[in-house]
There are 2 protein chains.
Amino acid sequence: MKELGSTDKTRIRRGPKRAVFDRAMLYQIFDQAHVAHVGFAVDEQSYVIPMLCWRVDNRLYIHGSNGSRMIKALTEGGQCCVTATLLDGMVLSKSAFHHSTNYRSAVVFGRFSKVTDDAEINESLKLFLEHIAPGRWDKVRPPSENELRATTILSIELEEASVKVRTGGPNEDKEDIDLPVWSGEMVIRQKVGQMIPDQYSPENEAAPDYSAAWGDRWEQ
Amino acid sequence: MKELGSTDKTRIRRGPKRAVFDRAMLYQIFDQAHVAHVGFAVDEQSYVIPMLCWRVDNRLYIHGSNGSRMIKALTEGGQCCVTATLLDGMVLSKSAFHHSTNYRSAVVFGRFSKVTDDAEINESLKLFLEHIAPGRWDKVRPPSENELRATTILSIELEEASVKVRTGGPNEDKEDIDLPVWSGEMVIRQKVGQMIPDQYSPENEAAPDYSAAWGDRWEQ
């Protein structure tokens with residue numbers, strides 16, 4: 001797998017030991033995050049919008065309604081930035097200063113392009129739903145022609161990108177290690193819980209289990 | 001409490017029924033998210049960087065190392081955008097098209113200003129740590145003068161802002177309601193799990209419980 005390129009934008013200046021030039025990690029972050037924060041600018045004003053995302057090979061996909069100002073800005077404006085962040089834990093040190101965060105984050109620069117072909121849109125939506133709820137596409141009503149036409153799908157290449165990762169416990173100053181305060185890591189995870197059926201869900205139909213696509217389930 | 005202003009930037013054009021002009025909800029989103037995605041532009045290139053955040057009254061705070069290009073861009077460049085998103089669940093419909101997401105998101109526009117006074121920086125860091133780990137500030141070593149000087153704290157007013165919220169199950173087309181497929185909501189939450197002590201944590205010191213500041217604990 002090719003290493004991620006290092007340009008002036010993607011070179012990590014702060015905390016370079018946390019920079020990981022690893023395409024597999026880049027993919028994992030977007031795959032697990034499900035939500036990306038998409039940044040663009042219009043007339044010197046920055047915007048950051050949360051979007052569901054899904055990845056196919058070396059491209060990241062988002063979707064939106066036709067004609068939104070965002071779609072226009074993402075395809076016609078300056079370079080965009082797409083960031084996904086997984087918060088893995090808080091690092092609890094014996095000093096206020098050395099508290100930190102365990103996380104994985106991915107930042108991608110570039111410009112989005114529109115998926116224009118109907119069949120390709122349909123296939124993209126299938127991969128999108130399968131990423132959220134594996135096995136569900138074949139059970140639900142597929143999109144009608146009108147529904148396909150109402151949807152815009154954009155994708156961006158995962159080429160100019162940077163990844164940062166921090167793991168483990170605190171880095172204490174030597175003078176602090178004997179302080180009598182609990183120190184270590186508080187683990188944080190996104191988890192799947194209750195499946196709440198609505199009034200039209202068949203009574204004899206067991207709730208599906210999509211937790212593998214979203215992280216573990218929590219006990220109920 | 002004053003309602004959030006509606007300007008051309010903050011008016012919600014897509015899905016206006018999901019727009020909530022409620023300052024209490026704005027505060028709740030930033031308080032619970034702990035992580036904000038900060039957007040700014042340098043030379044027509046957008047950047048989106050994840051930052052820990054904490055709120056005091058009507059201002060949102062972030063911190064960073066002195067002299068980073070980000071600090072400069074946030075205080076001297078064009079208008080920034082700060083977005084926090086809480087993913088509350090996935091909405092599973094009987095049609096591919098009507099799948100949706102339950103979430104709360106807050107978007108704030110403006111410019112950051114630097115906290116310059118040493119005492120104010122110290123007080124801000126205290127509120128930051130108390131937001132992450134309530135009761136911890138009085139137990140850990142406070143910041144030294146050098147540590148205070150190495151830290152830049154920025155804040156932005158929560159004035160030009162918009163909030164979007166979606167809750168509940170799917171909105172089905174009438175023709176789809178009898179399809180024999182499970183439909184409803186898959187609840188997703190950020191949860192706190194293991195407390196992993198490091199080698200310097202005192203053996204007789206029980207792990208603190210900061211879950212109230214981060215959402216429930218999951219069973220272990």
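Collect the residues in the range B:89-103 that are β-branched (Val, Ile, Thr) and more than 7 Å from chain A (Cβ to nearest Cβ), keeping them in residue-number order. Reasoning before the result, please.
Let us first name the residues in the range B:89-103 that are β-branched (Val, Ile, Thr), namely B:91, B:101.
Answer for the range B:89-103, where residues must be β-branched (Val, Ile, Thr) and more than 7 Å from chain A (Cβ to nearest Cβ): just B:VAL91.
Assess whether A:GLN199 counts as being over 30 Å from A:TYR27 (Cβ atoms) and out of contact with any Lys or Arg (no Cβ under 9 Å at 6 or more places or on another chain).
Details: over 30 Å from A:TYR27 (Cβ atoms): yes; out of contact with any Lys or Arg (no Cβ under 9 Å at 6 or more places or on another chain): yes.
Taking the combined requirement at face value, the residue satisfies it.
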- Query: Applying the selection to the range B:89-113, what residues are assigned to a strand (DSSP E or B), touching a Cys at 6+ places or on another chain (Cβ under 9 Å) and on the phi < 0 side of the Ramachandran plot?
  - Reply: B:VAL107, B:VAL108, B:PHE109
- In the range A:71-90, what residues are surrounded by fewer than 22 Cβ atoms within 10 Å (Cβ to Cβ) and over 14 Å from the mean Cα position of the chain (by Cα)? A:ILE71, A:LYS72, A:ALA73, A:THR75, A:GLU76, A:GLY77, A:GLY78, A:GLN79
- Note on the structure: Filtering the range A:41-88 down to residues that are out of contact with any Leu (no Cβ under 8 Å at 6 or more places or on another chain) and more than 10 Å from chain B (Cβ to nearest Cβ) yields A:ASP57, A:ASN66, A:LYS72, A:GLU76, A:ASP88
- Task: Looking for whichever is more than 7 Å from every other protein chain (Cβ to nearest Cβ), more than 17 Å from the chain's Cα centre (by Cα) and surrounded by 18 or more Cβ atoms within 10 Å (Cβ to Cβ) here; the options are B:VAL140, B:VAL115. Which one fits?
- Result: B:VAL115
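Residues checked against (1) out of contact with any helix residue (DSSP H, G or I) (no Cβ under 8 Å at 6 or more places or on another chain); (2) in contact (Cβ under 8 Å) with a residue 60 or more places away in the chain:
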| site | (1), (2) |
| --- | --- |
| A:LEU26 | yes, yes |
| A:ASP31 | no, yes |
| A:GLY39 | yes, no |
| A:TYR47 | no, no |
- Message: For A:LEU148, only one of the following conditions fails: (1) buried (at least 16 other Cβ atoms within 10 Å of the Cβ); (2) within 21 Å of A:ILE62 (Cβ to Cβ); (3) in contact with a strand residue (DSSP E or B) (Cβ under 9 Å, 6 or more places away or on another chain). What is its number?
- Response: (3)
- Note on the structure: Output for Cβ contacts, cut-off 7 Å, separation at least six or different chains, first residue farther than 16 Å from A:ASP209 by Cα in the range B:185-196, second at pLDDT 95 or above and among the acidic types (Asp, Glu), reads B:ILE196/A:GLU185
- Return yes when B:PHE128 is more than 11 Å from chain A (Cβ to nearest Cβ) and either in contact (Cβ under 8 Å) with a residue 24 or more places away in the chain or within 17 Å of the chain's Cα centre (by Cα) (or both) and no when it is not. no
- Could you tell me which of the residues A:ASP216, A:ASP209 is surrounded by fewer than 17 Cβ atoms within 10 Å (Cβ to Cβ) and closer than 24 Å to B:VAL35 by Cβ? A:ASP216
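Output yes when any residue across the range A:200-213 is of a type in the set (Gly, Ala, Ser), more than 8 Å from every other protein chain (Cβ to nearest Cβ) and touching a residue at least 60 places away in the same chain (Cβ under 8 Å), and no when none is. Spell out how you get there, then give the answer.
Step one: list which residues in the range A:200-213 are of a type in the set (Gly, Ala, Ser), which gives A:201, A:206-207, A:211-213.
Those still in the list that are more than 8 Å from every other protein chain (Cβ to nearest Cβ) too: A:211-213.
From what is left, the residues that are touching a residue at least 60 places away in the same chain (Cβ under 8 Å) are A:212-213.
Among the residues of the range A:200-213, at least one is of a type in the set (Gly, Ala, Ser), more than 8 Å from every other protein chain (Cβ to nearest Cβ) and touching a residue at least 60 places away in the same chain (Cβ under 8 Å), which makes the answer yes.
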- Message: Let me confirm something: among B:ILE29, B:ILE49, which residue is under 26 Å from A:SER211 (Cα atoms), within 13 Å of the chain's Cα centre (by Cα) and buried (at least 21 other Cβ atoms within 10 Å of the Cβ)?
- Response: B:ILE29
- Filter the range A:158-196 down to the residues that are more than 30 Å from the chain's Cα centre (by Cα) and among the β-branched types (Val, Ile, Thr), then identify the one that is surrounded by the most Cβ atoms within 10 Å (Cβ to Cβ). A:VAL181
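The values are calculated or read from the model by the stated rules, or taken from the named source; none is laboratory data. All values derive from a computational prediction rather than experimental measurement. Don't worry about glycine lacking a Cβ; one is built from the backbone with ideal geometry, like all the others, and counts go over all protein chains shown.
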